[in-house]
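Input: a single structure, listed below in structure tokens.
The values are calculated or read from the model by the stated rules, or taken from the named source; none is laboratory data. None of the values given here were measured: they were computed from a predicted structure. No Cβ is skipped: glycine too gets one built from the backbone with ideal geometry, and neighbour counts run over all protein chains shown. Surface areas here come from the heavy atoms of the whole protein model, side chains and all, with no ligands, DNA or RNA. Shrake-Rupley method; radii C 1.70, N 1.55, O 1.52, S 1.80 Å.
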Amino acid sequence: MSDKKAIIKSENFCFYYGSKIGVKNISMEIYPKSVTAIIGPSGCGKSTFLRSINRINDLIANIKTKGVLLVKGHNVYDKNTNLVNLRQQVGMVFQKPNPFPKSIFDNVAYGPRLQGVKKRSYLQQIVEEKLKAAALWGEVKDELNKSALALSGGQQQRLCIARALATNPDILLMDEPCSALDPIATGKIEDLIDKLQTDYTIVIVTHNMQQAARVSERTAFFCLGELIEYDSTVKIFRNPAKKQTEDYVTGRFG
Amino acid sequence: MRFFIRHITDKIFTILTVLSVIMLVAILAVILVPMLRKGLSAIVFNGTIEFRKMQLDLFSRGDIDELKNEDIRSRLYRNKIYETIESFKQNIDSETLSDKAGVIYRNFGKELQRKNIKGAEYQKLRSLSRELRDKLQAVFKSSDKKFIQENISDVLKFKNDIAFKDTSIDGLFVLAEDFASDIEHIDLSRRQQYAASLKELENIITKLLGPNPSLPVPALKMDRYGATRRDIAEKLLNRLLWLEQWQQDSPGKPMKRVITPRAELFAGTEIEPLFNYIRENLDEILVFKPAFYWQYFIDDSTPGHYFGGVWPEILGTVFLTLAAMIFVFPIGIISAAYLAQCQSDNLIIKIIRMAINTLAGVPSIVFGLFGLAFFVLYLMPLFGGPSKPCILTAALTLAVLTLPVMIRASEEAIRSVPQSYVEASLGLGAGKLTTFISVILPAAMPGILTGIILSVSRVAGETAPILFTGAIAFGPTPKSIFDPTRTLSYGSYDIAIGDKLAALVPHNQYGMVATLIMLVFCLNIAAIIMRAKISRKLKGH
């Protein structure tokens, strides 16, 4: 893996909510076209780190950062960063399925429309393609005008993935995408992640260690805002270097 | 035991909630049902022939032939009233009688000239006729019966005088004979009193039956017709039959209302039986027929609020409400968006919020005066317009009045849009504005519509803010937003403060109020249906 050039690279990245530390001194490299899982106990800053990558954390007032966080070689916290471009390159899927209260079609077409695509036929093409990529096409192809909220939770989450894919991102951030879903829906999402990693760089935050083990190639373990260990998933789960990691993955974490 | 108590308290709570709902419904029913029932009386009532005449004249509605037949029949009954009054009036009116005698005397003089009678003969007849005239005029002015009888018999002595045979002086004798027979029942000392009472009586009869057909048609449309409805007719009949006076027993004591039959004023005269006549024949005189006047909603009122409907008022209310909403909607939503987005511990935001809350509680008349001072007197001239109240200024004033309601409701709605929508939209690369317009606004729409419902109800019914800024009671339908308009709220207010008007057309006032209630109800229903549709769409059903 190390022969690949990192698509996301952070060096001593620190994030503060006002005076409270979110994450500190994170230095890690995330490689393209692979799945990277971030695990750790609640409040350890894994979501904070993930949400820093596309600066969706900017919604919160009084935030401060230190260090460098590079996405495709550009510092995202640079003053000149174009947030629109950044977020189109770095798509995001949230913890709870959050489709817009619009039709399925409009949900997927939201991103392309923002990019200025107006032609209906082209939009239709994108929607079909992305729904297929999100393994939802077969279930919804006849009711694209139905409200997205009428779908089941798992379908909604896949729709959100399709919506995120529609802007043609290189990176897909997933913030506990299965935590609100039942096992069957979770399974489908995991299959989807597996399929998507051939085209996209996926960073997934999860509480579910089996999930991390199942889907990811590399795993980072966060604790109390710090990166404890970052290695291949096999190593993290079988033979972790640090005691803390071992305690966590074996369930002895207090 | 604890379980039992909990069970009892739960039950009590349920009963209390049900009771409060029932009470609310009852209060609403107590307020609304009579209001609507009375309002309905503007549309469904017992109409008189006067109503049908008015409809035919002013709106060209109704069956002309049938109305003619009715009119002929009612005339039969009416004529007796007019004749009785006319003859009575003559007898008590010494001046008219004197004038008549004078005219006859002058005509006689002309007749003599025509007949070429000259010299001493002319002088003789002339002075004799003058003497007769003077005697009669003295008789007419006198209230001494003995003097009258003596003089009349003096005058009548000449009746068979050969010189007066077949001349116009005969009129004098007819006058004298009529007077002699008529005054038998009249107390001549009360002549002045009769005249005043008769005037009042005629006044009421004119209101009840319309103007005397022998007189020229009155200039004002409202004076051309009598009572148009049974309730009004009965009210007028009551006034006709009973005289209401305020008396004070002794100085310092409160005034007392004394009601006596008006007929007593005319005791012993030929007028006296007239009261019973009118009462007994009211049906024939006014020809009551049930009327269903649905055109009340589409007729202009002609003139003032006397006859006709409330169409201009409905139009004005709707226009004004919509115009106010056009101003309130964008400003309210933008302000709400700003407030919803900002952290509430900011000092400026705190001040703004306090200002909004204060504004929401300011009495509406204050907004009316503000509108007059700011929009009418300051802004209109500033933009080169005339400093005149109009729809625009009224709508702006109403907009200011209802802005706090709108902002608060919209802010609540915008705040309640899930943050996840915002995150999702921003995460897809949307800007703040795009996110607001395409995600937050649609999701907040039901709440915003609630704000609009509240605003519409408030705006449509407000009177005080438009009092000085664009409402008129009478006047033409506005042609542009720079004209003042009539509204239902101001119309009913105007009827209420015009003391005579409220007594004459109470049905119209209730009609306006009921129409206003129904109008607001309809607007609300429309908004509620819209809200329900949007909500359903948002929920994905």
Discussion item. Given the options B:Ala196, B:Ala176, B:Leu220, identify the residue whose Cα lies farthest towards the positive end of the charge dipole of segment B:165-240 (+1 on Cβ of Lys, Arg; -1 on Cβ of Asp, Glu).
Written reply: B:Leu220
Discussion item. In square angstrom and rounded to 100, what buried accessible area do you get between chains B and A, total over both, with the probe at 1.4 Å?
Written reply: 1800 Å²
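Quick one: if the Förster radius is 45 Å, what FRET efficiency do B:Arg6 and A:Leu224 give, using the C-beta to C-beta distance and rounding to 0.05? Provide the component values of the computation, followed by the final result.
Values: r = 45 Å, r/R0 = 1.00.
Efficiency computed from Cβ-Cβ geometry: 0.50.
How big is the charge dipole of chain A about its Cα centre, in debye rounded to the nearest 20, if each Lys and Arg gets +1 on its Cβ and each Asp and Glu gets -1 on its Cβ? If you can, show how the numbers build up before the last one.
On the way: 35 positive and 25 negative charges, 122 e Å.
I would put it at about 580 debye.
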Practice prompt. Please say if segment B:38-77 is rounded, prolate or oblate, where rounded means a/c under 1.5 for a ≥ b ≥ c the square roots of the C-alpha gyration tensor eigenvalues, and otherwise the choice is prolate for a/b larger than b/c and oblate otherwise?
Written response: oblate
Practice prompt. For the protein assembly as shown, give the percent of accessible area contributed by carbon and sulfur heavy atoms, probe 1.4 Å, rounded to a whole number.
Written response: 59 percent
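Students sometimes get this wrong: rank B:Met512, B:Met222 by accessible area, probe 1.4 Å, all chains present, largest first. All intermediate terms of the calculation are to be shown ahead of the outcome.
Details: B:Met512 0, B:Met222 60 Å².
In descending accessible area the options line up as B:Met222, B:Met512.
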Response to the item:
Pairs over 19 Å Cα to Cα, from A:Lys132/A:Lys188; B:Lys221/B:Lys500; A:Lys24/A:Lys66; A:Lys33/A:Lys66; A:Lys102/B:Lys539, come to A:Lys33/A:Lys66
Practice prompt. Return, ordered by residue number, the residues of segment B:151-175 whose backbone nitrogen is under 19 Å from a label point located 7 Å along Cα→Cβ of B:Ile117.
Written response: B:155-175
Worksheet item: Rounded, prolate or oblate: which fits chain B when a ≥ b ≥ c are the square roots of the eigenvalues of the alpha-carbon gyration tensor, with rounded for a/c under 1.5 and prolate only if a/b beats b/c?
Response: prolate
Item to complete: Would you work out the charge dipole size for segment B:84-188 about its Cα centre, treating the Cβ of every Lys and Arg as +1 and the Cβ of every Asp and Glu as -1, and quote it to the nearest 20 debye?
Response: 680 debye
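Taking 8 Å as the Cα distance limit and 6 or more residues as the minimum spacing, I'd like the relative contact order of chain B as a percentage. Mind showing how you got there, number by number?
Numbers: 636 pairs, mean separation 90.6, N = 541.
Result for chain B is 17 percent.
Can you put B:Val287, B:Val18 in order of accessible area, largest first, using a 1.4 Å probe? Write down the numbers at each step before the final one.
Details: B:Val287 25, B:Val18 80 Å².
Descending order: B:Val18, B:Val287.
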Worksheet item: Spin-label point model (7 Å from Cα, Cβ direction): what's the A:Gln115 to B:Cys342 distance in nm?
Response: 3.7 nm
Worksheet item: With each run of n ≥ 4 DSSP H residues scored as -39500 (n - 2.57), what mean residue ellipticity at 222 nm is computed for chain B after dividing by its residue count and rounding to the nearest 500 deg cm²/dmol?
Response: -22000 deg cm²/dmol
Discussion item. If I take R0 = 45 Å and measure r between the Cβ atoms of A:Asp142 and A:Lys64 in this structure, what FRET efficiency does the formula 1/(1 + (r/R0)^6) give, to the nearest 0.05?
Written reply: 0.35
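Dipole of segment B:184-280, Cα-centred, from +1 at each Lys and Arg C-beta and -1 at each Asp and Glu C-beta, to the nearest 20 debye? Could you put the intermediate results ahead of the total?
Details: 15 positive and 13 negative charges, 104 e Å.
Taking the Cα centre of segment B:184-280 as origin, the dipole is about 500 debye.
Could you do me a favour and compute the accessible area per residue for chain B, 1.4 Å probe, result in Å²?
On the way: 29000 Å² over 541 residues.
For chain B, the per-residue accessible area is 54 Å².
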Discussion item. Which one, B:Asn107, B:Leu132, B:Ile148, projects farthest toward the positive side of the charge dipole computed for segment B:106-149 from Cβ point charges (K/R +1, D/E -1)?
Written reply: B:Asn107
Worksheet item: B:Trp311: accessible area at probe 1.4 Å, nearest 10 Å²?
Response: 110 Å²
Worksheet item: Quick one: if you stick a label point 7 Å off each Cα along the C-beta vector at A:Ala180 and B:Ala503, how many nm between them?
Response: 7.0 nm
Item to complete: Please report how far the C-alpha centroid of segment B:93-146 lies from that of segment B:414-455, rounded to the nearest whole angstrom.
Response: 98 Å
Worksheet item: Where in segment B:499-541 does accessible area fall by at least 40 Å² between the isolated chain and the complete protein assembly, at a 1.4 Å probe radius?
Response: B:Leu538, B:Gly540
Discussion item. How far apart, in nanometres, would the label points at A:Ala241 and B:Arg61 be if each is projected 7 angstrom from Cα along the Cα-to-Cβ direction?
Written reply: 9.5 nm
Item to complete: Show that you can apply the helix-only estimate: for chain A, add -39,500 (n - 2.57) for every DSSP H stretch of four or more residues, divide by all residues, and state [θ] at 222 nm to the nearest 500.
Response: -10000 deg cm²/dmol
Worksheet item: Tell me, which residues of segment A:23-69 get at least 40 Å² less accessible area when the other protein chains come in, versus the chain alone (1.4 Å probe)?
Response: A:Leu59
Discussion item. With a 1.4 Å probe and all protein chains kept in place, how much accessible area does B:Ile298 have, in Å² rounded to the nearest 10?
Written reply: 90 Å²
Worksheet item: Whole-Hz Karplus ³J(HN,Hα) for segment B:430-447, in order, using 6.51 cos²θ - 1.76 cosθ + 1.60 and θ = phi - 60°, x for Gly and Pro?
Response: 7, x, 5, 5, 4, 4, 5, 6, 9, 10, 5, 4, x, 6, 8, 3, x, x
Worksheet, complete the sentence: In order over segment B:358-365: 3J(HN,Hα) from phi, Karplus 6.51/-1.76/1.60, θ = phi - 60°, whole Hz, x for each Gly or Pro, gives 5, 4, 4, x, 6, x, 5, 5
Worksheet item: Straight-line reach from B:Lys135: which lysines have Cα under 19 Å away, leaving out those fewer than 8 places along the same chain?
Response: B:Lys100, B:Lys124, B:Lys145, B:Lys146, B:Lys157, B:Lys159
Worksheet item: How large is ³J(HN,Hα), in whole Hz, for each residue of segment B:110-116 in order, when computed from phi with the Karplus curve 6.51 cos²θ - 1.76 cosθ + 1.60 and θ = phi - 60°, using x for Gly and Pro?
Response: 4, 4, 4, 5, 4, 7, 6
Worksheet item: Is the shape of the protein assembly as shown best called rounded, prolate or oblate, per the rule: a/c under 1.5 gives rounded, else a/b larger than b/c gives prolate, else oblate, with a ≥ b ≥ c the square roots of the Cα gyration tensor eigenvalues?
Response: prolate
Fill in: Nearest-10 value in Å² for the accessible area of B:Ser153, using the 1.4 Å probe
60 Å²
